[in-house]
Amino acid sequence: MRHLLTITELHNEEILGILLEAQLFAEGKIWTPTNDKFVANLFFEPSTRTKFSFEVAEKKLGLQVLDFESQSSSVQKGETLYDTVKTLEAIGANAVVIRHPQDHYFDELVNGISIPIINGGDGCGHHPTQSLLDLLTIQQEFAHFQGLNVVIVGDIRHSRVARSNADVLKRLGANVYFSGPKQWMDEAITKGNYIPMDEAVKISDVMMMLRIQHERHTCKMISSKEEYHQLFGLTEIREANMKEKSIIMHPAPINRDVEIASSLVECERSRIFKQMTNGVAVRQAVLKSALQHKGEVVFNG
Ligand code: CP
């Protein structure tokens with residue numbers, strides 16, 4: 001793997017290889033590069049989990065972290081994203097992690113940038129490392145994907161997590177269903193696999209809840225949070241109808257008592273904070289894989 005831009009570009013074998021290595025990192029395996037290597041984290045959109053779990057992953061790998069602040073950078077003087085990344089490459093960055101509000105921002109980078117680009121989320125497009133950490137969490141729970149019923153619930157149209165996960169989970173053999181307001185179902189993702197929420201909780205092995213992406217809406221799209229919670233949220237009553245071994249996931253940030261009852265966020269079925277913990281191991285595996293592409297960086301361990 002050189003760049004990691006979308007989960008679609010990874011073959012199933014590559015995905016399973018990253019998950020295997022991520023599991024080793026999760027169990028405490030240490031790999032470090034043989035000499036100093038630098039990674040720059042460029043976040044043009046807010047982030048807590050992705051930004052800091054990349055930073056922890058980089059530090060655990062023994063990488064030097066260049067913390068790019070767009071507000072104090074020459075982006076403020078009109079420098080393009082391409083010129084910014086080209087500059088970081090010129091001064092010695094060995095890889096860049098980028099989150100950006102524009103879908104497919106990386107299309108303008110891939111032809112001229114030689115160092116690995118790892119996508120930390122592009123607009124409504126893709127979030128491949130979130131997808132990988134979700135897969136690791138599911139694999140730890142069930143040991144396989146084949147035949148699992150995964151229901152993704154909420155603002156599908158504006159969710160890069162839904163887009164990334166729908167693709168890869170189907171490829172790995174899961175049955176993927178979608179629930180939530182009909183106007184947020186994007187047929188290109190859902191392909192007719194809609195299921196009402198009260199049915200969804202009964203058949204699911206994984207309930208994957210999503211935040212309403214208000215920042216990507218052009219007009220007010222729900223009448224009230226309370227109404228949304230009753231119609232489409234994971235309420236305590238619905239949770240009581242889930243199968244014994246089913247789990248709850250959410251990429252977070254969470255809007256408590258909107259898409260999920262606050263009391264369920266840390267309930268026995270919830271793997272939400274486990275997902276975040278897994279995010280570090282997955283990002284260690286992704287960074288290692290990208291940096292050691294064609295033997296450019298050698299890792300000891
Ligand atoms: N899940 C996720 O991407 O969270 P952040 O926006 O906090 O990085």
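The values are calculated or read from the model by the stated rules, or taken from the named source; none is laboratory data. Being a predicted model, the structure only gives us computed values, none of them experimental. Virtual Cβ from ideal backbone geometry, glycine too; neighbours counted across all protein chains shown. We work out accessible area using only protein heavy atoms, side chains counted, and drop any ligands, DNA or RNA first. Shrake-Rupley method; radii C 1.70, N 1.55, O 1.52, S 1.80 Å.
So, how do all the Cα-to-Cα distances of the chain break down into 10 Å bins, in percent, from 0 on up?
In whole percents, the pair-distance histogram is 6, 28, 34, 22, 9, 1.
Please express the Cα-Cα pair-distance distribution P(r) of the range 37-183 as a list of whole percents, one per 10 Å bin, running from 0 to the bin with the greatest distance.
10, 35, 32, 18, 5, 0
Per the Cauchy relation, a quarter of the hull surface: what is the mean projected area of the convex hull of the alpha carbons in the range 130-271, in nm²?
One quarter of the hull surface, i.e. the mean projection, equals 7.7 nm².
To the nearest 20 Debye, how big is the dipole of the range 139-298 about its Cα centre, given +1 on the beta carbon of each Lys and Arg and -1 on that of each Asp and Glu?
I would put it at about 580 debye.
Work out the P(r) tail for the range 1-90: percent of alpha carbon pairs separated by more than 21 Å, whole number.
Result for the distance tail: 47 percent.
With +1 assigned to the C-beta of every Lys and Arg and -1 to the C-beta of every Asp and Glu, and no other charges, what is the dipole magnitude of the chain about the Cα centre in debye, to the nearest 20?
The dipole of the chain has a size of about 220 debye.
Projected onto the charge dipole of the range 226-296 (+1 at Lys/Arg Cβ, -1 at Asp/Glu Cβ, origin at the Cα centre), which of PHE232, SER289, ILE248 gives the Cα projection farthest towards the positive end?
Farthest towards the positive pole: SER289.
For the ranges 73-83, 123-133, 270-280, what's the packing order if you count other beta-carbon atoms within 10 Å of each residue, average per peptide, and put the highest first?
Answer by packing, highest mean first, reads 123-133, 270-280, 73-83.
May I ask for the angle, rounded to the nearest 10°, between helix 160-171 and the longest principal axis of the chain, with both axes built from Cα atoms and the value confined to 0 to 90°?
Tilt relative to the chain: about 80 degrees.
Kindly report the accessible area of the chain per residue (heavy atoms of protein chains, probe 1.4 Å, no ligands, DNA or RNA), in Å².
Here the per-residue accessible area is 43 Å².
What residues have an amide H closer than 5 Å to that of GLN102, excluding those fewer than 5 places away on the same chain, when H is modeled at 1.01 Å from N in the peptide plane?
When sequence neighbours closer than 5 places are left aside, the close amide H contacts are GLY123.
Calculate how steeply helix 128-142 sits against the longest principal axis of the alpha-carbon atoms of the chain, using the helix alpha-carbon long axis, and give the answer as 0 to 90 degrees to the nearest 10.
60 degrees
Using a 1.4 Å probe over the heavy atoms of the protein chains, calculate the carbon and sulfur portion of the accessible area of the chain as a whole percent.
51 percent
Is there a pair in LYS29/LYS288; LYS37/LYS77; LYS202/LYS245; LYS29/LYS59; LYS37/LYS59; LYS86/LYS288 whose C-alpha atoms are over 18 Å apart, and which pairs would that be?
LYS37/LYS77; LYS86/LYS288
Which whole-Hz ³J(HN,Hα) couplings does the range 279-291 yield from phi under the Karplus relation 6.51 cos²θ - 1.76 cosθ + 1.60, θ = phi - 60°, glycine and proline marked x?
x, 5, 4, 4, 6, 4, 5, 5, 4, 4, 4, 5, 6
What number, in percent, do you get for the relative contact order of the range 130-271 if the mean sequence gap of Cα pairs under 8 Å and at least 6 apart is divided by its residue count?
24 percent
Return one number: the angle in degrees, 0 to 90 and rounded to the nearest 10, between the long axis of the Cα atoms of helix 81-90 and the longest principal axis of the Cα atoms of the chain.
The two axes meet at around 40 degrees.
If contacts are Cα pairs under 8 angstrom and at least 6 residues apart, what is the relative contact order of the chain in percent?
24 percent
Provide the packing ranking of 253-261, 190-198, 50-58, i.e. peptides ordered by the mean count of other C-beta atoms within 10 Å per residue, highest first.
So the order, starting with the most tightly packed, is 50-58, 253-261, 190-198.
Given the convex hull of the Cα atoms of the range 118-197, what is a quarter of its surface area in nm²?
Projected over every direction and averaged, the Cα hull of the range 118-197 covers 5.2 nm².
Only bridges whose two residues both fall in the chain count here: according to DSSP, what percent of them are antiparallel, nearest 5?
Bridges in the chain that DSSP calls antiparallel: roughly 10 percent.
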